[in-house]
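Heads up, the thing below is written out as structure tokens.
The values are calculated or read from the model by the stated rules, or taken from the named source; none is laboratory data. Since we're looking at a predicted model, the values are computed, not measured. Heads up, the Cβs are rebuilt from the backbone with ideal geometry, glycines too, and the neighbour counts pull from every protein chain shown. To get the accessible areas, we keep the full protein, side chains included, count just its heavy atoms, and leave off ligands, DNA and RNA. Shrake-Rupley method; radii C 1.70, N 1.55, O 1.52, S 1.80 Å.
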Amino acid sequence: MDTPIVGRFAPSPSGRMHLGNVFTALMSWLSVRSRGGRWILRIEDLDPQRSKPEHARRICDDLDWLGLDWDEGGVDGRGPNGPYCQSLRHDIYARYLERLRATGLCYPCTCTRADILATQAPHASDGRVVYGGRCRPAVLPAPWHEPERPAAVRLWTSGRTVSFTDRTYVKRTVRLDRETGDFILRRADGAWAYQLAVVVDDALMGVTEVVRGADLLDSSAQQIYLYELLGLQAPEYAHVPLICNAEGHRLSKRDAGTDMESLRREMSPRRLVGHLAALAGLVDPGTEITPAELARSFSWSRLPATPAIRL
Ligand code: GLU
């Protein structure tokens with residue numbers, strides 16, 4: 001029997017969705033629904049300062065309005081692989097961290113700047129920090145020693161090169177020590193890092209396909225390294241173009257009129273879905289359509305092979 005296709009959308013509930021988030025959600029949904037797959041909605045609320053339950057509820061409501069339905073997850077967390085909010089999955093991450101420590105490749109790190117960035121998905125435009133190795137032991141692998149003061153857990157990347165084939169970017173090769181550096185698995189304050197959480201969750205939720213923004217392309221290399229160390233099967237990846245404003249910058253809350261609040265005021269779901277589908281080259285500009293109608297003819301080959309699409 002073929003493995004069932006399982007996709008997911010994994011928003012961070014730090015604000016209202018904008019056109020770029022919705023574009024990613026629609027492409028992920030279309031990719032699985034066009035092949036009869038399942039779709040999971042996971043709430044990535046690892047960052048306690050920025051995540052708010054009301055944002056998570058809004059995201060669910062906006063997806064509902066668009067006609068993007070999910071089989072598992074959401075704020076009510078229905079389904080067999082829960083909990084679906086990362087803030088409720090502490091014990092699960094702790095178990096997998098133990099497994100990674102047992103490889104001898106983890107070490108305690110007391111550097112703070114990277115600590116602060118660790119729970120955020122490291123979008124390329126945020127400026128990636130490659131760790132210089134100040135706390136790295138002289139010899140690795142080495143047994144784990146409990147540090148005397150609170151420390152982050154960092155993973156040695158050991159000169160590894162990771163190659164993978166992305167559905168929209170073809171082949172990608174990343175030399176981890178140069179391009180991402182040793183990375184954090186858990187912050188000194190106990191908060192879990194995005195890279196660990198996303199791998200554990202995608203693996204345990206049976207996700208076979210990750211569709212997300214092109215700014216997370218290099219994170220896939222770190223994630224594939226974690227899959228290998230944990231002996232888990234990595235999903236397929238498709239990094240979709242980022243929607244950019246007229247100046248070519250990724251959309252943010254500063255771009256008026258592109259958040260779901262304004263969009264819902266100004267257009268119907270069919271018009272918005274048609275607009276996004278036209279940006280993806282799936283329909284002609286001006287088409288009004290539902291996600292379910294689009295799913296009948298969706299094909300990855302129609303998407304432009306570019307990291308960014310200007311509005
Ligand atoms: N939660 C991440 C974000 O909001 C997405 C992570 C992913 O899709 O892997 O950017």
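Table for the structure above
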item: Residue among GLY36, GLY73, GLY20 that alone is buried (at least 22 other Cβ atoms within 10 Å of the Cβ) and farther than 25 Å from THR258 by Cα; result: GLY73
item: Qualifying residue in the stretch 73-85 (condition: away from the ligand (no atom under 16 Å from the Cβ), at pLDDT below 95 and at positive phi); result: yes
item: Qualifying residue in the stretch 23-33 (condition: assigned to a strand (DSSP E or B) and buried (at least 18 other Cβ atoms within 10 Å of the Cβ)); result: no
item: Unmet criterion (only one of (1) of a type in the set (Asp, Glu); (2) assigned to a loop (DSSP other than H, G, I, E, B); (3) more than 17 Å from the chain's Cα centre (by Cα)) for ASP61; result: (2)
item: Number of the condition not met by THR110 [criteria: (1) touching a residue at least 40 places away in the same chain (Cβ under 8 Å); (2) within 19 Å of ILE184 (Cα to Cα); (3) within 16 Å of the ligand (Cβ to nearest atom); (4) not charged (D, E, K, R)]; result: (3)
item: Residue within the stretch 190-201 that is more than 16 Å from the ligand (Cβ to nearest atom) and either touching a Lys or Arg at 6+ places or on another chain (Cβ under 6 Å) or open to solvent by 10 Å² or more (accessible area, probe 1.4 Å) (or both) present; result: yes
item: Residue in the stretch 117-134 that is of a type in the set (D, E, K, R) and modelled with pLDDT of 85 or more present; result: no
item: Residue in the stretch 147-158 that is most open to solvent (accessible area, probe 1.4 Å), counting only those that are assigned to a loop (DSSP other than H, G, I, E, B) and modelled with pLDDT of 90 or more; result: GLU148
item: Odd one out for ARG8 among (1) more than 14 Å from the ligand (Cβ to nearest atom); (2) charged (D, E, K, R); (3) surrounded by 19 or more Cβ atoms within 10 Å (Cβ to Cβ); result: (1)
